[in-house]
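Asks: Please read through the structure below; I'll follow up with questions.
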Amino acid sequence: MHTRDLPLGNRTPDSAVNEISLRERRVVVTKDEDFVDSFLIHRQPYKLLLVSTGNIRNVELELLFHQNIEQIVESFDRYDFIEIDRTALIFHF
């Protein structure tokens, strides 16, 4: 689900995204570090994948996810907060 598929689209407040994530047990995938603060303070969203690549072409981002998706999925069984950058997966919690 993408925020643009929600009733308020990309204007959906972070708090609403967090509520959906908790209710439906969804991972929030974002570049927005505000979600990191929310996760550290309130343990919301349910699970978090922070994309810390900086500016990157979509094709490069897709390749990065393609190369790491299996490990990301498996790692969410153990961790609630994972970060991906251009060279590594970082497991926080």
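The values are calculated or read from the model by the stated rules, or taken from the named source; none is laboratory data. Source: prediction; values computed, not measured. Note that each Cβ is placed from the backbone with ideal geometry, even for glycine, and that neighbours are counted across all protein chains shown. Side chains are part of the model used for accessible areas, which takes the heavy atoms of the whole protein and leaves out ligands, DNA and RNA. Shrake-Rupley method; radii C 1.70, N 1.55, O 1.52, S 1.80 Å.
Asks: Which Cα, out of HIS42, ILE72, GLY54, lies furthest along the positive dipole direction of the chain (beta carbon charges, K/R +1, D/E -1)?
Replies: Farthest towards the positive end: HIS42.
Asks: Given H placed on each backbone N at 1.01 Å, which residues far from VAL29 in sequence or on other chains put an amide H within less than 5 Å of it?
Replies: Placed amide hydrogens put LEU49 under 5 Å from VAL29.
Asks: So if we plug the beta-carbon distance of GLU33 and ASN55 into 1/(1 + (r/R0)^6) with R0 = 25 Å, what FRET efficiency do we get, rounded to 0.05?
Replies: Between GLU33 and ASN55 the formula returns 0.95.
Asks: Something else now. Take the range 41-93, drop everything but the C-alpha atoms, weight them equally and run the Debye formula without solvent; then report log10 I(q)/I(0) at 0.18 Å⁻¹ to two decimals.
Replies: For the range 41-93, the Cα-only Debye profile gives -0.58.
Asks: Could you pull out every residue, at least 5 positions away or on a different chain, whose amide H is within less than 5 Å of the one on PHE81? Hs are placed 1.01 Å off N in the peptide plane, and Pro or chain starts have none.
Replies: Those lying under 5 Å, H to H, from PHE81 are LEU48, HIS92, PHE93.
Asks: Rounded to the nearest 500 deg cm²/dmol, what is the calculated helix-only ellipticity per residue at 222 nm for the chain, with -39500 (n - 2.57) per DSSP H run of length n ≥ 4?
Replies: It comes out at -13000 deg cm²/dmol, rounded to the nearest 500.
Asks: For Cα pairs less than 8 Å apart in space and 6+ apart in sequence, what is the mean separation divided by the residue count of the chain, i.e. the relative contact order in percent?
Replies: 21
Asks: Here's something else I'd like to know. When the accessible area of the chain is computed with all protein chains present and a 1.4 Å probe, what percentage of it is carbon and sulfur?
Replies: 48
Asks: Now for a separate question. Let me see the pair-distance distribution of the chain: every alpha carbon pair, 10 Å bin width, integer percents in order.
Replies: 16, 49, 34, 2
Asks: Ignoring everything but the protein chains, give the 1.4 Å probe accessible area of SER38 in square angstrom, nearest 10.
Replies: 20
Asks: Rg and Dmax of the range 2-47 over Cα atoms: what are they, in angstrom?
Replies: Both quantities, over Cα of the range 2-47: 9.8, 27 Å.
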